[in-house]
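> Please read through the structure below; I'll follow up with questions.
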Amino acid sequence: MTRDPVVVVGGGTAGCMVTSYLANNTDLPIVLVEPGKVSSHDENSRFFDALGDVDLVRTVNGVLQARVLGGGSAINGMLLTGEEPTFARGLTRMAHEDDIGLMGRFLLSHGGRFSRLWWNGARWNPGRAVHHLEEEGRISIVRDEVESIQVTNNGCTAVTASHIRINASTLVLCAGALETPRILQQSHQLMHREEAMVQNHYSVNLVARLTAPSRAPFDTAVVREMQLPTGEMFMVNAYERASNIVRDHGLMTVSHMNPRDGRCDVRAMEKAKEILEEFANSLRMTEGIEEVVVSDEILPLSHVTASCAHLTDSDGRVHGVPSVWVADASVLRQVPTCTPAAPVTMEALRIARTIAGELS
Ligand SMILES: Cc1cc2nc3c(=O)[nH]c(=O)nc-3n(C[C@H](O)[C@H](O)[C@H](O)COP(=O)(O)OP(=O)(O)OC[C@H]3O[C@@H](n4cnc5c(N)ncnc54)[C@H](O)[C@@H]3O)c2cc1C
């Protein structure tokens, strides 16, 4: 009798790490279900170009999300502000003078520092390795969107996607912190709607009109971390462009990085606005800047996490549901105080090792 495969739902940052790890370290049959295509932007250092590719992104609950093999890592800003994971040595590098333009230089002269980037000649995109595994016939990828999962008493499971139902010996949910809880909610009430408490960072921003269009190779490479005596942590980011199309405007954002329970903290955002206003005043006096407009809006970042943490044990097993695991950003216990791709990746790798250990 052939063995049902391990089915990984979602080939994003976490799903590709899990798939690669299991394919390289076990002889289990693996099926990855991912609706997104392969990105053609890995060689392009300007991340707004990938973001501007409407096939690769979608907006869920007002938050921009990836819909591409490689997930957020195929389209994100490539900033790595926390610790560099050991597995990533050689795959990242520190930004430098040649990477930036006027906005980056402004922030550097106002307390900023160069960031580490998920870039070393090309973007680090875990989707590329998975694409090669598929080409070599070592895994299968089903281009579809999972709607729900089914769990039977004897521990067998299956996923129902838009066009196919797939039996699974083990299921690893990696559809991201907004979609994984939605799949669980649609699956025989494995999760109730009110249980999905997403954690996130929130930001305010300004737009600066430049006298000349940006020619900087990277859209963002300089950050400034600030901690107030009252405990709030903020990250300031400089962007050389406002979008893939708008090259003659730069952006600056101030994001609250340690919101309590990952919720928008209105008082902290007032302080973020004050910080932003100070930058705006200095920017207005900077050569090469024609006009600065500070927005009143508070926006959620694409750093959603923690929505399934209470449903899983520390190794990602869903409580009371044998053979079902979660390994994406939704299992982080709280939104990190740094950019999240590294913690998400490390957590996915740790869970993949545990799964491999249990199934071998
Ligand atoms: C625009 C943007 C900029 C960012 N900038 C940075 C940054 O500079 N630095 C940083 O560290 N982090 C950044 N992040 C955050 C980081 O990329 C994410 O935290 C990380 O990618 C989350 O990984 P994940 O595996 O949980 O989800 P994702 O990587 O989003 O993967 C989820 C995958 O599941 C697939 N999927 C969704 N629904 C289904 C379904 N029903 N069935 C099957 N598959 C499904 C999606 O297509 C996607 O490929 C950014 C994110 C975005 C979107």
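> Working from Cα positions, state the angle (0 to 90°, nearest 10) between the long axis of helix 266-284 and the longest principal axis of the chain.
Tilt relative to the chain: about 50 degrees.
> Express in whole angstrom the spacing between the alpha-carbon centres of the stretch 123-151 and the stretch 34-101.
Going from one Cα centre to the other spans 18 Å.
> A further question on this structure: Within the stretch 103-154, which GluC sites (Glu not before Pro) sit in a loop by DSSP and count at most 15 neighbouring Cβ atoms inside 10 Å? The partial results should precede the final answer.
On the way: sites: Glu134, Glu135, Glu136, Glu145, Glu147; in loops: Glu136, Glu145.
Sparse-neighbourhood loop GluC sites (Glu not before Pro): Glu136.
> Would the stretch 189-281 count as rounded, prolate or oblate if I go by the C-alpha gyration tensor, calling it rounded below 1.5 in a/c and otherwise prolate when a/b exceeds b/c, oblate otherwise?
Numbers: a/c = 2.78, a/b = 1.58, b/c = 1.75.
In terms of gyration-tensor shape, oblate.
> For Met285 and Thr230, what does the FRET efficiency come to when R0 = 25 Å and r is the distance between their Cβ atoms, rounded to the nearest 0.05?
Values: r = 28 Å, r/R0 = 1.14.
After rounding, the FRET efficiency stands at 0.30.
> So what's the back-of-envelope 222 nm ellipticity for the chain, counting only DSSP H runs of four-plus at -39500 (n - 2.57) apiece and dividing by all residues, rounded to 500?
Numbers: 8 runs with 84 residues, N = 360.
Using -39500 (n - 2.57) per qualifying helix, the result is -7000 deg cm²/dmol.
> Report, in degrees rounded to the nearest 10, the 0 to 90 angle that the Cα long axis of helix 126-135 makes with the longest principal axis of the chain.
Helix 126-135 and the main axis of the chain meet at about 40 degrees.
> Find, to one decimal place in angstroms, the Kirkwood hydrodynamic radius of the chain, where the mean of 1/r is taken over every pair of different Cα atoms and then inverted.
Answer for the chain: a Kirkwood hydrodynamic radius of 21.0 Å.
> Rounding to the nearest 10 and keeping the result within 0 to 90°, find how far the Cα-based axis of helix 341-359 lies from the longest principal axis of the chain.
Approximately 10 degrees, to the nearest ten.
> Then there is this: Which of Met285, Met252, Met233 ends up with the largest GNM mean-square fluctuation for the chain, with Cα atoms connected below 10 Å?
The residue with the greatest mean-square fluctuation here is Met285.
> If you place +1 on the Cβ of every Lys and Arg and -1 on the Cβ of every Asp and Glu, how big does the dipole about the Cα centre of the stretch 10-161 come out, in debye to the nearest 20? Kindly include the intermediate steps, with their values, before the conclusion.
Details: 13 positive and 18 negative charges, 80 e Å.
Dipole size: approximately 380 debye.
No value in this document is a laboratory result; all are computed from the given coordinates. Quick caveat, the model's predicted, so the values are computed rather than measured. All Cβ positions, glycine included, derive from the backbone under ideal geometry; neighbour counts span all protein chains shown.
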